[in-house]
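Written below as structure tokens is the structure these notes are about.
The values are calculated or read from the model by the stated rules, or taken from the named source; none is laboratory data. Here the structure is a predicted model, which is why all the values come from computation and not from measurement. Here the Cβ positions follow ideal geometry from the backbone for every residue, glycine too, while neighbour counts run over all protein chains shown. The protein model used for the area step is the full one, side chains on, heavy atoms only, and it has no ligands, DNA or RNA in it. Shrake-Rupley method; radii C 1.70, N 1.55, O 1.52, S 1.80 Å.
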Amino acid sequence: MVKVVHRVESCAPQLIKVIAAETGRLLQSGAPILNLSQGSPNFPMFDAAVDAATRRIKSKKLPYTTVNGMLETRQVCADFMNSVILGQQREETPMYTANHICVTNGAVQAIFNSLALSVENANDVVVSPLPTYGLYEADTHLLGGTFAPLDCGSATDGFAIQPDDVESAFLKYGERLRVLILSAPSNPTGCTLSDEEAKALADTLERQRQQFPDSFSIILDEVYTGIVSSSHVSILRHATPALRRICFFIASVSKGLGGAPGARAGFLACADQSLITHVTKLQMATTSNASVVGQEILAASLKHILSRPDHILGEVSMHYRARTDLVCDRLHQIRPSLLTCRPRGAFYVVADFSCLGLPTDTAVRECLRDAYLPRGAPNGGDRKPIAASGIAVVPLSAFGVPPSLCLVRLCCALDVTMLNEAMNVIQNVVQSSEVS
């Protein structure tokens, strides 16, 4: 047997992916599971993107492109950055050009590429606020670095990060802090940044940049851009030119900007063109260019959004807001303590199931998953099940949150009927726990 290096062998699979695979097996076996675990959008792809992909396929030509992506795709990404993210007017000199963009195989590759520029040994610390997406820790571990989660806020405020939290991280790690990862709109809490909050964080980060020049980079994982119930402002809008040069902005066509996760098309934007050159060099040695069809979908989706950004992204946001509102309202009706806070973005709701009296969020997940099984008799029996279906959810320990808090993430990107069915299951489970 080939000896696998420790760095890979010791890398644990992401719990979210493990749950997705388990849920798939249960559904394939015929189990009545309502899948609220998979963060897959249910807003349809834009017609313009479907047409662009179809035209490319019908051309019977799927050539290699430049490693950093087709020029037209990179230009549209740059236009999106200037217009939607920075709020620039057409007559202003654009801050981003095609040369500041690298098209990637989804946001996953963009994150890995960005980290790989700065992390190579255990002295290199990557900091990310809790709850934090498991991919960040996995990539840091694979690159040989040290991952350091940052405690912020509480469940009732969406674990919102404050400038003091950022300052405490730099105070603790100093020049060892090589990468700070910030995600907004957040997965799993849906936390966003107001204009005032974005400016306060940008000001704090600029002070840290001056104190630790050329020491760290910032990854802005904003893949849920476009799915907001209130305005979200990127830190980039208030960043100084020098601060923008150390920021890697990451987005993709998977969520609010196109609803096409299978296209595996994302992009990375950095105001320092030399860093894009290094990212491209890294991509050249790993995957080369992103799929041509994916690039067409990305370009067409962003072009469509740029034609009427407020209207089109408003429709996307309303679609998901109706679903998160439904889940929040139902949770509050069942038991007010279930609802931690209403999300301001993304399509998730974090629920507090400490009322069930179970020891961990894993126990909560299993209780909800197995609600359709006869109680106390996993292999059959006379006792009736709690509900007609079970629910697949993700415990927040998958995001680094203490399991004893009994918090779980509910994905709301589903048919309204299915969401109501899932809330009925939760109601039955909660009522059953009160009786017992």
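Summary table
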{"item": "Sites THR360 and LYS199, calculated FRET efficiency, Cβ-Cβ separation with R0 51 Å, nearest 0.05", "result": "0.85"}
{"item": "Two-decimal Rg to Rh for the chain - Kirkwood Rh, Cα set", "result": "0.97"}
{"item": "Accessible area in square angstrom per residue, the chain, 1.4 angstrom probe", "result": "44 Å²"}
{"item": "Net charge, SER154 excluded, C-beta distance under 13 Å - Lys, Arg +1, Asp, Glu -1", "result": "-4"}
{"item": "FRET E, pair LYS17, THR93, Förster distance 51 Å, beta-carbon r, rounded to 0.05", "result": "0.75"}
{"item": "Helix-only [θ]222 nm of the chain, DSSP H runs n ≥ 4, -39500 (n - 2.57) each, per residue, nearest 500", "result": "-12500 deg cm²/dmol"}
{"item": "Of all accessible heavy-atom area on the chain, the percent that carbon and sulfur account for (1.4 Å)", "result": "53 percent"}
{"item": "Karplus-derived HN-Hα couplings along the range 282-291 (A = 6.51, B = -1.76, C = 1.60, θ = phi - 60°), whole Hz, x at Gly and Pro", "result": "5, 5, 4, 8, 10, 10, 6, 6, 5, 3"}
{"item": "Extension gain from SER10 to ALA138, taking 0.36 nm per residue of separation minus the Cα-Cα distance", "result": "45.1 nm"}
{"item": "Charge tally in the Cβ shell below 11 Å around GLN14, where Lys, Arg are +1 and Asp, Glu are -1, GLN14 excluded", "result": "-1"}
{"item": "Computed P(r) (all Cα pairs; the range 206-325; 5 Å bins; percent)", "result": "2, 10, 16, 19, 19, 15, 10, 7, 2"}
{"item": "D_trans [Stokes-Einstein, Kirkwood Rh over alpha-carbon pairs] for the range 320-436, 37 °C, 0.692 mPa s, µm² s⁻¹", "result": "228 µm²/s"}
{"item": "Förster radius 45 Å - calculated FRET efficiency between LYS61 and ASP310 (Cβ-Cβ, nearest 0.05)", "result": "0.80"}
{"item": "15 Å beta-carbon shell around LEU86, net charge (K/R +1, D/E -1)", "result": "0"}
{"item": "With eigenvalues of the C-alpha gyration tensor scaled by 5 and rooted, the range 1-152, Å", "result": "32, 26, 19"}
